[in-house]
1. Spot the failing condition for LEU132; the list is (1) closer than 22 Å to LEU106 by Cα; (2) of a type outside the set (Gly, Ala, Ser); (3) in contact with a His (Cβ under 8 Å, 6 or more places away or on another chain), and only one is missed.
2. Could you tell me whether LEU81 is free of Cβ contacts under 8 Å to residues at least 12 places away in the same chain, surrounded by fewer than 17 Cβ atoms within 10 Å (Cβ to Cβ) and out of contact with any helix residue (DSSP H, G or I) (no Cβ under 8 Å at 6 or more places or on another chain)?
3. Of the conditions (1) of a type in the set (A, V, I, L, M, F, W, C); (2) surrounded by 14 or more Cβ atoms within 10 Å (Cβ to Cβ); (3) closer than 17 Å to ILE167 by Cα, VAL118 satisfies every one except a single condition; which number is it?
Amino acid sequence: MRVKKISNAVPRIAGAVARVAVWCEESILAYLLAAMTAIAFANVVARRVFASSMPWALELTLNLFLYMVLLGMAYALRNGLHASIDALVVRLPARAKILCATIASLLVMLYAALLAGVGFDIALIFWSNKALRHVGSEEIGIPHWLTYAVLAVSFAYFLLTAIAMAIASTSKHLANKRLENKRLR
């Protein structure tokens, strides 16, 4: 009885954690976009109306855009917005489609793990060397270790999203198989 209660609670807890993560992700993306827009607009107004530009605005906008793109990868993956070429796969039998989807998922996970590791390694190089720790961008001085740390965190989040989607897809496939087997009985 106790095991059944725990097994029933796990999906609810996982679902709640996923909803909070998605809300946080979407909120961060919205704030990044709003900040980019406000900074770019303020710079245009300053340039056109006051004949003076904010020298840091372009660099900050580009950095915010970078962070938004990196974080947006997981959003795009979860919502099926990444480009995929499936002209060949759609013609395959069901088992071959599943195999192709599994291989594609594993390749995405490998790619995300590699880039998260590279980002972490480079961030650590910049952070651990006192001479490089404070080296950053020219205009606003965002340290390079921070940019690479964002790369590492973004790809780690992308990896977790890919794993969660693979688990959800597998669970859905297994549930469909069980339903199909019940109907055949």
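Readers should treat all values here as calculations from the given coordinates under stated rules, not as data from a laboratory. Note that the structure is a prediction, hence the values are computed from the model and not measured. Please note: Cβ atoms are built from the backbone with ideal geometry, for glycine as well, and neighbour counts cover all protein chains shown.
1. (1)
2. no
3. Tallying (1) of a type in the set (A, V, I, L, M, F, W, C); (2) surrounded by 14 or more Cβ atoms within 10 Å (Cβ to Cβ); (3) closer than 17 Å to ILE167 by Cα, VAL118 fails exactly one: (3).
Residues checked against (1) in contact with a Leu (Cβ under 8 Å, 6 or more places away or on another chain); (2) surrounded by 13 or more Cβ atoms within 10 Å (Cβ to Cβ):
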{"site": "TRP127", "(1), (2)": "no, yes"}
{"site": "TYR148", "(1), (2)": "no, yes"}
{"site": "SER154", "(1), (2)": "yes, yes"}
{"site": "LEU160", "(1), (2)": "no, yes"}
{"site": "ILE163", "(1), (2)": "no, yes"}
{"site": "ILE167", "(1), (2)": "no, no"}
{"site": "LEU174", "(1), (2)": "no, no"}
{"site": "LEU184", "(1), (2)": "no, no"}
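Okay, residues lined up against (1) of a type outside the set (Lys, Arg); (2) part of a helix (DSSP H, G or I):
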position	(1), (2)
SER84	yes, no
ALA87	yes, no
LEU107	yes, yes
GLY119	yes, yes
GLU138	yes, no
ALA164	yes, yes
LYS172	no, yes
ASN176	yes, yes
GLU180	yes, yes
